[in-house]
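Beneath this line is the structure, given in structure tokens, with notes to follow.
What follows draws every value from the coordinates through simple rules; no lab data is involved. Quantities reported herein were computed from a predicted structural model and do not represent experimental measurements. When we count neighbours, we look across all protein chains shown, and the Cβ atoms used for this are built from the backbone with ideal geometry, even at glycine.
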Amino acid sequence: MTPAPSLVLILAVGVLYSCGFYLLLQRSLMRVVFGILLLGHAANLSLMLTDRAITLPPLLPGEASAMSDPLPQAMALTAIVITFGVTTFLLALAYRVWLGDGDDEVPDDLEDRRISSLQEPEESA
């Protein structure tokens, strides 16, 4: 019988995902970067929890702890590299915006406001 992941780890993954998505929806670019980081950590932790659940060897006979599946570990390493690349790219973008505006707040798009004001009378009719 394989050991099940503890409830604390499952709740930690849920909290990391929810905090990451909350920060991702903010208007500050640094909060978006922190949201991406939290989502990356949550993905890595969930992949490691998957590795604990998949411990039976696929073809060879043996006990549950005799062999571990290397796929979640390889996916976690790939997720770490992708998270690092996306984080450096977002930090470069946030720095570029901060150099231009002096603030990392995402401004309102005037064209989006104009289009939404054109569509409001049609919805009320």
*Assuming R0 = 25 Å, can you tell me the calculated FRET efficiency for the pair residue 31 and residue 74, based on Cβ-Cβ distance, to the nearest 0.05?*
0.20
*So, by mean Cβ neighbours within 10 angstrom, what's the order for 33-43, 71-81 with the highest one leading?*
33-43, 71-81
*Taking the Cβ-Cβ separation of residue 10 and residue 97 as r and a Förster radius of 41 Å, what is the calculated FRET efficiency to the nearest 0.05?*
0.65
*Could you work out how far apart the two model spin labels at residue 22 and residue 109 are, taking each label as a point 7 Å from the Cα in the direction of the beta carbon, and quote it in nm?*
2.7 nm
*Run the quick spin-label model on residue 87 and residue 48: label points 7 Å from Cα toward the beta carbon, then report their separation in nm to one decimal.*
1.4 nm
